[in-house]
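Structure, as C-alpha cells:
The values are calculated or read from the model by the stated rules, or taken from the named source; none is laboratory data. Worth saying up front: this structure is predicted, and the values here are computed from it rather than measured. Counting neighbours? That spans all protein chains shown, and the Cβs are built from the backbone with ideal geometry, glycine included. With ligands, DNA and RNA removed, areas are computed over all heavy atoms of the protein, side chains included. Shrake-Rupley method; radii C 1.70, N 1.55, O 1.52, S 1.80 Å.
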Amino acid sequence: MTTAETRQLPLQHLKVLELGQLIAGPFATKLLGEFGADVIKIEPPGTGDPLRKWRIIEDGTSLWWHVQSRTKRSVSLDLRTPQGQDLIRRLVGEADVLVENFRPGTLEGWGLGYDALSALNPALIMVRVSGYGQTGPYRDKPGFGVIGEAMGGLRYLTGQPGEPSVRVGVSIGDSLSALYAVIGTLLALQERSRSGLGQEIDVALYESVFAMMESLLPEYDATGQVREPSGSALPGITPSNAYRTRDGDFVLIAGNGDSIFKRLMKVIHRDDLANDPALAHNDGRSRQAERIDSAIEAWTQEHSRDEVIEKLEAARVPVGFPYTAADIASDPHYLAREMIQTITRPNGSPLKVPGVLPRLSATPGRLGDGGPSLGQHTEEVLDELGIDDETRAKLRSAGII
C-alpha cells in the first residue's frame, strides 16, 4: 500500500492490542485493522491462536487464518507469566483499544483487568467479548458461539418444524458479537474525543444474537405465542420461501410486497389470487400462506431454475437461488463490486478472499496480506517498546516470547 493510500484510512492513528483468540475478538480487530488501525495480536508461544489449525489447512496453516488475521502484527508472548504481563502493561500504555475474549475474570487474575489497566492509561478503551457478559449468574460459564446462538433464540428457529434444530453453517453468533464490539469501539472513541477518557465495553454472545430476533419477545409478551421453526419460510411475511424447480433445484422468491405479489401471481397465471381482496395485504396473505406457496411451487416445478429466474426478474419480482462458494467466486456482480480480492500468502501463493466492508467512498479500507506467521513481529514490537537485547534474550530463553 502506498503512503497516499495509507493517509486515506480513517483509523490509521489507532493502536489496538488484541488478546483474543479464535473468532469473536479477532474478527472485531480484523475490521478495525482493515480501516487502518495498527493491530498487535498477542499469541501464546509455540502454538499461537487455535484458529491457525481450524478448518482446511495448507502448509500447516488454516486458510481461514489468512482472512481473519490480515493486516495484523503477531507477537508471541506468554500472558501467564509475570514478565509477559509486564510487557502487556507497557503495550497498554501506548494503546488506544484493547480487545479480549477470555472467560470473565481471567485477565483480573493476571492483574490485567479494566480497573488496573485504566489506572495506567485512563484513555484506554477495553472491549470484552464473552459468552454471557462480565456480570450475571452465568458469567463464569464457558460460552462458545453456538451456545450464544441457542440462548439468544436463533437456534430454536432453525430447521424444519418437528425436527431437530440445525445450526447456521458459519459462526454467526461470534461474528455478530464482533460487529457489536466494533460499534461499541467507535462509539467509545467518539465519547473519548469529548471527555478524553476511555471506558469498558461488555459484549455477550447471547445478547448479540438476541438483539437480532426482531419481534420474538414482544409477540410472546403480548400474545403468549412462542415463535416456532418454519423451515425455509418466513412466518407472517408471505410469500417468502424456497420453491423446488423442474430440474430439482430451488429458487428463493420474495413476493411479499403488495404490488410485487400481484406481479408474481400474474407471472404464474393466478389472476384469481392476484385480484382476491383477501390477499391484497400481507396480513391476509399470511393467513393463507400454505395456499399461496402451493400455487407458486406448482408453477416453479414446471420450469427450470434459470427459466424461473428469467421470468420473475423480467416482472421485477425478487428471486434468487442459494449460492455455493463456486457460484460466488464466478459471479459477475461480486467481481464488478470487487468483493472477490486476491492476497499473497507468506509462502508467495495467491489466495482469493472477501473484500473489505463497509464500502467508504472517500476513505476505503485496506486488504493487507495473508495472516502473519506466529511471532513474526515480536522483535519489531519489542524494539518499539525500547526493550534491550539482553532483556529480549532472557525472555526468549525463558520461553516468554
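Miscellaneous remarks
- Residues (of a type in the set (Asp, Glu) and in contact with a strand residue (DSSP E or B) (Cβ under 6 Å, 6 or more places away or on another chain)) located in the stretch 274-312: Asp293, Glu297
- Counting only helices (runs of 4 or more DSSP H) wholly contained in the stretch 141-197, the ones carrying 1 or more residues that are in contact (Cβ under 8 Å) with a residue 12 or more places away in the chain and over 27 Å from Arg103 (Cα atoms) occupy 154-157.
- Selection of helices (runs of 4 or more DSSP H) fully inside the stretch 304-401 by the criterion of at least 2 residues being among the hydrophobic types (A, V, I, L, M, F, W, C) and farther than 26 Å from Trp64 by Cβ returns 305-314, 378-385, 389-397.
- Count of the stretch 131-173 residues, restricted to those that are over 15 Å from the mean Cα position of the chain (by Cα), within 15 Å of Phe210 (Cα to Cα), of a type in the set (Val, Ile, Thr) and open to solvent by 30 Å² or more (accessible area, probe 1.4 Å), is 1.
- Annotation: of all residues in the stretch 218-258 being open to solvent by 70 Å² or more (accessible area, probe 1.4 Å) and touching a residue at least 24 places away in the same chain (Cβ under 8 Å), the one that is nearest to Val92 (Cα to Cα) is Glu228.
- Selection status of Arg128, surrounded by 18 or more Cβ atoms within 10 Å (Cβ to Cβ) and basic (Lys, Arg): yes
- Sole residue being over 23 Å from Ser171 (Cα atoms) and not in a helix (DSSP H, G or I), chosen from Ala123, Ala119: Ala123
- Close Cβ contacts (under 6 Å, 6 or more residues apart or on different chains) running from residues in the stretch 271-290 that are in contact (Cβ under 8 Å) with a residue 12 or more places away in the chain to residues that are open to solvent by 80 Å² or more (accessible area, probe 1.4 Å) comprise Ala274/Lys262; Ala274/Lys266.
- Residue-level analysis places Arg246 among those that are assigned to a loop (DSSP other than H, G, I, E, B), modelled with pLDDT of 95 or more and more than 23 Å from the chain's Cα centre (by Cα).
- Enumeration of residues in the stretch 20-65 that are in a helix (DSSP H, G or I) and open to solvent by less than 10 Å² (accessible area, probe 1.4 Å): Ala24, Gly25, Pro26, Ala28, Thr29, Leu32, Gly33, Glu34, Leu51, Trp65
- Unmet requirement for Met212, which otherwise passes all of (1) open to solvent by less than 80 Å² (accessible area, probe 1.4 Å); (2) in a loop (DSSP other than H, G, I, E, B): (1)
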